[in-house]
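Reading through the structure tokens given below for one structure.
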């Protein structure tokens, strides 16, 4: 007989688990952009003095506060982000557990998916880049959730037309919508309007979002509200972020760079990009070419290196640019929690019959 644990106990356990996972995510956020292994060294260390951290230093939330946000050995300050990531992960895990408490498989997969989104959020915010390994992990979690639902005949996970998993339809939808933004940006201004990493992230989110749709509804039902909330979060939070970035970075360094001849040659930049290349990259996203190359990397690492050099963004972000990945994350999470309610409200409003005179 299955034993049902009390909700408060599960919520407390989920929060503690989230803080522990958040501590590891801090390692991911620090090491991945610096191309450091997550396994070597297998212990955590202070980024300032390189001293190995012990169990006393690694108790989630408590160690940070007890040490006065300073390294116990070199006394260097520790960024508040370490505390925020642990707390945010714990709270988000609890919220997702509550949202999907009647769907164990859904809760587990949504929590795993969120655990990937958190480092994507902070890494993209800092570096204007999203690692392929994170995007692929998120994508396979989303597809795995759908495949499990198909295998156990879970409502809302039946094959479309008898052969197509819904997650793949969602992935195609995500790529087409945000890939179109990337292509139109190039056509309009001959410059990148959206990074390829954002398109790959949208692919994973589109694949996961179909699992949130209630059974019997169209798989892409939540796409409009997801796109709208992502764009709204970009507008509401992007403007203050852009102001903060311009204020802290200033214009002096850019002017000095121009005087020194660091300005990118526009003709050369256009030669490296073309409409054909933009469409080719979107096609590669649809065909999961990045996933294929990661498998080939285990046999021939030089193949992936050549591909990465071709696919990486050539030009640094412009002073007026902001990363869109964090806003995709915010829009996705808002859709997971409130997307169905917002969609139902809008449809009821739009289909409401006017009073007859």
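See the values below:
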read-out	value
One residue from 274, 233, 211 being touching a helix residue (DSSP H, G or I) at 6+ places or on another chain (Cβ under 9 Å) and modelled with pLDDT under 80	274
Test set (1) closer than 17 Å to residue 281 by Cβ; (2) part of a helix (DSSP H, G or I) - residue 130 fails condition number	(2)
Qualifying residue in the range 29-48 (condition: modelled with pLDDT under 90 and assigned to a helix (DSSP H, G or I))	yes
Count of the range 231-245 residues which are surrounded by fewer than 14 Cβ atoms within 10 Å (Cβ to Cβ) and over 19 Å from the mean Cα position of the chain (by Cα)	4
Of residues in the range 155-190 being in contact (Cβ under 8 Å) with a residue 24 or more places away in the chain and farther than 17 Å from residue 221 by Cβ, the one surrounded by the fewest Cβ atoms within 10 Å (Cβ to Cβ)	187
Check on residue 193, assigned by TED's automatic domain parsing to the domain that holds residue 220 and modelled with pLDDT of 95 or more	no
Some residue of the range 97-107 being under 24 Å from residue 123 (Cα atoms) and not in a loop (DSSP other than H, G, I, E, B)	no
Selected residue [assigned to a helix (DSSP H, G or I), crowded, with 17+ Cβ neighbours inside 10 Å and outside the structural domain of residue 337 (by TED's automatic domain parsing)] from 115, 138	115
Any hit, the range 63-78, residues being surrounded by 11 or more Cβ atoms within 10 Å (Cβ to Cβ), out of contact with any strand residue (DSSP E or B) (no Cβ under 9 Å at 6 or more places or on another chain), modelled with pLDDT under 95 and under 30 Å from residue 145 (Cβ atoms)	no
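The values are calculated or read from the model by the stated rules, or taken from the named source; none is laboratory data. Every value quoted in this text rests on a predicted model; they were computed, and no experiment measured them. Neighbour counts run over all protein chains shown; Cβ positions are idealised from the backbone, glycine included.
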